[in-house]
1. Report the residue count in the stretch 157-169 for those that are within 21 Å of Lys255 (Cβ to Cβ), open to solvent by less than 60 Å² (accessible area, probe 1.4 Å) and of a type outside the set (A, V, I, L, M, F, W, C).
2. Return yes or no: is Ile21 of a type in the set (A, V, I, L, M, F, W, C), modelled with pLDDT of 90 or more and surrounded by fewer than 16 Cβ atoms within 10 Å (Cβ to Cβ)?
3. Could you check Asp349 against (1) open to solvent by less than 30 Å² (accessible area, probe 1.4 Å); (2) within 24 Å of Leu166 (Cβ to Cβ); (3) modelled with pLDDT under 90; (4) over 12 Å from the mean Cα position of the chain (by Cα) and say which number it fails?
4. Could you tell me which numbered condition Arg149 fails, if it satisfies all but one of (1) out of contact with any Leu (no Cβ under 7 Å at 6 or more places or on another chain); (2) in a helix (DSSP H, G or I)?
5. If I filter the stretch 304-325 for residues that are open to solvent by 40 Å² or more (accessible area, probe 1.4 Å), polar (S, T, N, Q), under 19 Å from the mean Cα position of the chain (by Cα) and more than 20 Å from Ala107 (Cβ to Cβ), do I get at least one hit?
6. Taking the stretch 81-99, which residues are open to solvent by less than 80 Å² (accessible area, probe 1.4 Å) and of a type in the set (Phe, Trp, Tyr)?
7. For the stretch 223-237, give me each residue that is open to solvent by less than 20 Å² (accessible area, probe 1.4 Å) and either in a helix (DSSP H, G or I) or touching a residue at least 60 places away in the same chain (Cβ under 8 Å) (or both).
8. Condition first: closer than 30 Å to Glu426 by Cα and surrounded by 15 or more Cβ atoms within 10 Å (Cβ to Cβ). Can you find one or more residues in the stretch 177-194 that meet it?
Amino acid sequence: MNILLFSIIVGLAAALVIFPISSSKKPVKKEKKNNLTGAMIGIIICTVPVVFAFYYITNLDRNISSIWILAIIVTAIGAFFATGKERLIKLVLFLISLMIGIFFLTAGLFNSGEKYQSSKMAEKTEIESFDEKETPASVPPKFARNKMRKSFGQVPNTSFYELGNLQIQKVDGKYVYIAPVEFSGLFKWWNGDVTPGYFTLSATDSSANPKFVKSEMSYTPSSYFNKNVERHMRSSFPEYIFYGKPQLEIDDNGKPFYIRSYGEFISARNGFKVEGIVVTDPENGNTKKYLIKDIPAFIDGAVSPETVSLQNSYFGNYVHGFWNSKFGKKDVKLPSDEGTEANVSPIFDENGDMFYFTDFTSPKEGVDSMLGYSLTDARTGKATYYTGNLEESYMDSEGALEIIEKKFIEKKWDGEMPVLYNFYGEASWLTPVLDSNGFLQNYFIVSAANPEISVYANTPNAAIKQYKTALQRGGGTVDGTSDAEEKQTSGTVLRVYKEKVGDYTTVSFLLDNRKSYIVSSESNPLAIYLKEQDKVNVTFQNTGEAFLPVTEMKIEGLE
């Protein structure tokens with residue numbers, strides 16, 4: 001409903017309730033009529049602008065339920081000025097309004113079960129192994145933002161603008177950060193009218209430079225009045241319940257769109273459950289809605305990170321209801337606040353689909369063990385909770401950051417955006433390390449179950465390769481990745497190198513096919529007897545690395 005029409009209707013209703021129809025005095029008929037008309041007009045003149053200003057400033061949904069505070073105030077004023085039976089009627093209206101208000105205010109105490117059911121997740125043990133041939137989208141947002149700011153000279157009329165919110169997405173098959181150029185104030189908007197475009201930057205290559213893309217936008221978060229994109233979305237869909245900030249999404253042709261999640265309350269204007277998105281073309285203001293199942297293919301983050309963070313809170317806190325989340329805390333698990341967007345971190349799987357990652361920890365203070373972690377599909381909102389290996393205790397994201405802080409305490413470097421991966425069958429934290437100026441220094445990997453196993457390197461892929469060696473030296477078994485092809489070969493051993501690590505021996509050897517292999521005596525005990533000129537049959541993972549991991553080996557004459 002149009003905001004002016006809505007304000008007039010609400011203002012008229014408020015005037016009728018406030019105005020005392022009956023009176024203890026008995027003026028002459030003509031005087032009474034004039035007084036009634038004048039008073040009614042005066043009340044309408046006062047209430048309509050107040051209602052209009054409230055809904056315009058707050059940008060609140062224009063549903064009848066949203067006027068409950070106003071209803072309490074209006075009925076209280078109406079009852080105060082009324083007399084006789086009219087006062088009794090308006091007192092009843094006031095009590096009804098008050099009860100509705102109390103119901104709305106206390107709904108969170110009673111609908112925790114519904115919230116938990118709306119956020120329930122499928123459950124698995126561990127995520128699939130990461131394919132070491134791929135490069136994780138691990139450039140930290142703080143570093144990306146610094147690089148974009150240093151490239152702001154590419155923007156025409158630079159003094160008018162500033163860098164907007166940063167988000168990650170896949171554009172034309174590549175993982176990139178997107179940041180719109182926004183107005184830096186009211187007068188800059190008044191003079192500039194449109195923003196000139198947006199920045200893109202690789203999310204996988206830390207050496208890449210930002211690129212400014214020209215694309216004029218009139219409807220933006222930093223525009224004012226009816227050109228503000230949030231206000232424009234509200235004007236197009238006045239009754240919709242929105243949650244989360246508008247985010248910029250780029251199609252494969254480079255055209256920008258602003259999107260925002262909408263849905264419904266769990267109950268009584270409390271809680272939120274996503275249903276779809278609203279999409280606005282910032283150039284001309286054309287606005288459409290899509291149900292979750294119908295969203296365009298180019299949109300990666302249909303479900304806002306704020307919505308996912310809220311669902312994680314429901315899932316972790318309300319397993320046994322509201323009061324248990326405050327007192328007993330049985331089975332309660334707290335979602336981490338180390339995420340890069342509204343306490344969650346966007347990541348991409350092997351198919352290029354975006355998920356929001358969150359780890360969960362114990363509500364007990366001083367405990368840094370992880371209870372599990374979740375991945376939420378950013379297009380559908382469907383989530384999976386991973387318990388991890390229940391026989392092992394996993395370190396949470398905060399613990400990983402503390403290790404990095406201690407590792408580089410003299411240099412005062414810190415980690416940002418820790419994400420849990422399955423590297424070679426080992427649950428592991430991959431974390432970019434930044435200096436005090438926000439510049440990227442290296443990538444740090446540490447085992448979640450065995451924090452003593454850690455490596456760092458200049459690139460994520462170099463760190464992953466070093467990590468495999470560290471795992472083998474640590475006596476662990478190294479599983480192949482989900483995409484590495486298993487192959488077999490045979491040949492004569494030309495060179496052998498053995499290294500004792502803990503209770504096991506790591507054996508590296510070169511065959512006459514001029515390829516090198518690595519195996520641990522934990523998984524292949526007879527490998528300790530391997531010597532030059534032995535003939536072997538080897539089953540290995542074809543990872544393309546310098547030392548190929550062996551899963552099975554037979555030495556002729558010993559088997």
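1. First, the residues of the stretch 157-169 that are within 21 Å of Lys255 (Cβ to Cβ): 161, 163-169.
Those still in the list that are open to solvent by less than 60 Å² (accessible area, probe 1.4 Å) too: 161, 163-164, 166-169.
Checking which are of a type outside the set (A, V, I, L, M, F, W, C) leaves us with 161, 164, 167, 169.
Going through the stretch 157-169 one residue at a time, the tally reaches 4.
2. On the way: of a type in the set (A, V, I, L, M, F, W, C): yes; modelled with pLDDT of 90 or more: no; surrounded by fewer than 16 Cβ atoms within 10 Å (Cβ to Cβ): yes.
In short, no.
3. Tallying (1) open to solvent by less than 30 Å² (accessible area, probe 1.4 Å); (2) within 24 Å of Leu166 (Cβ to Cβ); (3) modelled with pLDDT under 90; (4) over 12 Å from the mean Cα position of the chain (by Cα), Asp349 fails exactly one: (1).
4. Condition (1) is where Arg149 drops out.
5. no
6. Phe94
7. Val229, Met233, Arg234
8. yes
The values are calculated or read from the model by the stated rules, or taken from the named source; none is laboratory data. What you see is a predicted model; the values in this text were computed from it and never measured. Cβ sites come from the backbone with ideal geometry, for glycine too, and all protein chains shown count toward neighbours. When the accessible area is computed, the model is the full protein with side chains, heavy atoms only, and any ligands, DNA or RNA have been set aside. Shrake-Rupley method; radii C 1.70, N 1.55, O 1.52, S 1.80 Å.
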